[in-house]
1. If the Cβ limit is 6 Å and pairs must be 6+ apart or interchain, which residue in the range 419-431 that is in contact (Cβ under 8 Å) with a residue 24 or more places away in the chain pairs with which residue that is of a type in the set (Val, Ile, Thr) and surrounded by 16 or more Cβ atoms within 10 Å (Cβ to Cβ)?
2. Go through the range 321-355 and give me each residue that's at pLDDT 95 or above, assigned to a loop (DSSP other than H, G, I, E, B) and either over 16 Å from Leu409 (Cα atoms) or among the acidic types (Asp, Glu) (or both).
3. Say whether the condition of being part of a loop (DSSP other than H, G, I, E, B), in contact (Cβ under 8 Å) with a residue 60 or more places away in the chain and within 23 Å of Glu77 (Cβ to Cβ) is met by at least one residue in the range 128-145.
4. Kindly list, by first and then second residue, each pair from a residue in the range 54-71 that is touching a residue at least 12 places away in the same chain (Cβ under 8 Å) and under 20 Å from Gly43 (Cβ atoms) to a residue that is assigned to a strand (DSSP E or B) and among the hydroxyl-bearing types (Ser, Thr, Tyr), limited to pairs with Cβ atoms under 7 Å and residues at least 6 apart or on different chains.
5. Answer yes or no: is there a residue in the range 27-42 that is open to solvent by less than 10 Å² (accessible area, probe 1.4 Å), in a strand (DSSP E or B), in contact with a Gly (Cβ under 7 Å, 6 or more places away or on another chain) and closer than 25 Å to Asp106 by Cα.
6. May I ask you to list the residues in the range 162-185 that are open to solvent by 60 Å² or more (accessible area, probe 1.4 Å) and either small (Gly, Ala, Ser) or modelled with pLDDT under 80 (or both)?
7. Could you run through the range 1-26 and say how many residues are surrounded by fewer than 19 Cβ atoms within 10 Å (Cβ to Cβ) and either at pLDDT below 95 or within 17 Å of Val65 (Cα to Cα) (or both)?
8. Assess whether Phe367 counts as being in a helix (DSSP H, G or I), among the aromatic types (Phe, Trp, Tyr), over 18 Å from Arg340 (Cβ atoms) and touching a residue at least 40 places away in the same chain (Cβ under 8 Å).
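The values are calculated or read from the model by the stated rules, or taken from the named source; none is laboratory data. Just so it is clear, the model here is predicted, and its values are computed rather than measured. Here the Cβ positions follow ideal geometry from the backbone for every residue, glycine too, while neighbour counts run over all protein chains shown. Quick note on the areas: whole protein, heavy atoms, side chains included, nothing else; ligands and nucleic acids left out. Shrake-Rupley method; radii C 1.70, N 1.55, O 1.52, S 1.80 Å.
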Amino acid sequence: MIQVYNTLTRQKEPFRTLRPGKVGIYLCGPTVYKPSHIGHMVGPVIFDVIKRFLRYCGYDVTWVVNITDVDDKLIAESQRRGMAMSALAEEMIADYMRNLEALGIDTIDHFPRATENIEGIIRFVQDLIDRGFAYESQGDVYFDVARKADYGKLSRRSLDAMIHEGGEGADRKRSPYDFALWKGAKPGEPSWPSPWGPGRPGWHIECSVMSCNLLGETFDIHGGGLDLIFPHHENEIAQSEARHGKPMVRYWLHNGLMQAADEIGKVGGRATRPAEDDPDAQSAGKISKSKGAAPFRELLQEFPAETIRLFILSSHYRRPIEFSERRLREVETALDAFYRFFERFERITGRSFYVLPAPPRREDGEFSPGEDAFLQEVAGRRKRFLEMMDDDFNTGGAIGELFELLRRLNRFVDEHRLEDPARRSADLLDALTRGATVLRELGAILGLFRKPAAPKKDSLADDGLTPRLLDLFVAIRSEARKAKNFAIADRIRDGLAELGITLEDRPDGTLWRLRND
């Protein structure tokens with residue numbers, strides 16, 4: 001039974017869908033006014049895995065990620081750059097899509113845009129006015145918070161503890177806590193005709209309309225960053241439930257925020273690690289465009305996409321993620337251990353790890369290990385991996401089991417000396433292949449190991465002479481070992497190690513490898 005932590009109830013609950021076998025997921029997407037950065041990729045990577053796991057468990061999943069292509073920031077940036085808002089939006093949407101593709105996020109079903117839903121937004125706002133939950137004021141329309149008795153139930157804030165919108169429209173509101181559903185147009189701003197005059201939608205109303213259009217008045221999962229609980233998701237609930245008279249969402253899932261390593265948890269000068277459910281603490285150090293976060297495309301020039309993906313998934317999704325180059329290098333090195341095993345597996349079996357048939361459904365991957373101790377341990381690692389995922393999609397714990405499985409596979413090869421062709425038997429190769437297939441199955445749930453890793457960018461890859469020189473050193477060392485001149489052999493090995501080159505001695509020869517520090 002899958003258990004999920006529901007922000008609304010502040011507890012884990014059994015996952016029961018609105019319609020048997022079907023899941024609707026809505027994730028708040030980007031406001032496209034500047035290039036995407038690493039923080040924008042956290043939610044998509046996490047929910048890509050959530051969808052993959054739910055499909056693996058037999059659910060038919062529809063996943064929606066919205067695009068906010070009209071907003072104050074977008075208007076201001078388009079004016080600063082001297083271009084149409086729509087042109088700027090298209091440029092940034094293309095950037096966002098390229099980044100999703102690079103990370104292997106290809107499970108999103110719909111990308112609705114705010115500007116494509118203006119008519120539906122106007123109808124929604126008019127319904128709220130007709131029901132007495134909203135009012136028009138000098139071309140603006142506001143939601144009347146006082147009319148919703150349970151306002152604040154998601155964030156668990158009282159009105160006194162809330163930060164009201166204020167700003168230019170404050171004098172047009174009945175209460176400073178009321179929020180805009182429709183904003184009257186200012187000179188030179190993009191606008192659409194409406195019953196209240198030309199204008200554009202408020203931020204919160206866009207998501208209520210788009211989620212309802214594609215997933216229904218009530219759907220299963222609404223996701224987003226922890227910083228969106230208030231005011232964005234709080235306001236979505238208020239306006240959606242005011243219009244429809246029923247719960248908007250069954251489960252609210254909020255991911256932790258990407259934190260700048262030197263700012264993590266600093267609130268009021270105190271450097272304390274932010275808790276999972278403390279949006280204020282996490283927001284204080286989060287990476288953002290306003291703090292000059294580098295475009296994601298630049299990060300992709302430094303690190304492979306699979307490294308970034310594993311980095312994001314390495315902790316529980318509700319925890320803050322500490323961003324640093326050091327941590328990314330650690331993850332990159334850890335991934336190398338998997339890549340070395342894949343090479344090893346192909347040397348031993350003659351089969352590419354990447355063509356092993358990963359079972360697409362949970363029941364398809366079940367197997368009986370019999371009395372084989374190795375396969376019993378493989379089955380046990382698979383079971384614990386799935387238990388981690390069942391427990392609120394704990395990818396951090398699941399990845400730990402993935403590494404344990406990798407260690408067991410390598411130990412199996414070493415115990416039976418399978419690098420030596422003379423030691424291989426059909427039964428041993430079958431057992432190794434069974435274990436590697438489980439590794440591929442579990443990796444696929446996380447969206448990992450879908451295709452061979454690209455060669456690393458390093459000076460050796462661009463220099464035809466250096467690899468040949470290294471091959472020569474390896475050959476000289478081999479001859480020295482045969483002649484029992486171990487001092488020379490060790491000197492070559494140690495000297496290469498100082499230069500960042502490691503040697504792997506195997507029964508069929510020695511390989512050199514560039515160490516990734």
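1. Taking only residues 6 or more apart or on different chains, the pairs are Leu429/Thr349.
2. Matches in the range 321-355: Gly350 only.
3. No, every residue in the range 128-145 fails to be part of a loop (DSSP other than H, G, I, E, B), in contact (Cβ under 8 Å) with a residue 60 or more places away in the chain and within 23 Å of Glu77 (Cβ to Cβ).
4. Val64/Tyr26; Thr68/Thr31; Asp71/Thr31
5. Checked the range 27-42: at least one residue is open to solvent by less than 10 Å² (accessible area, probe 1.4 Å), in a strand (DSSP E or B), in contact with a Gly (Cβ under 7 Å, 6 or more places away or on another chain) and closer than 25 Å to Asp106 by Cα.
6. Scanning the range 162-185 gives Ile163, His164, Glu165, Gly167, Glu168.
7. So the answer is 1.
8. For Phe367, the condition - in a helix (DSSP H, G or I), among the aromatic types (Phe, Trp, Tyr), over 18 Å from Arg340 (Cβ atoms) and touching a residue at least 40 places away in the same chain (Cβ under 8 Å) - is not met.
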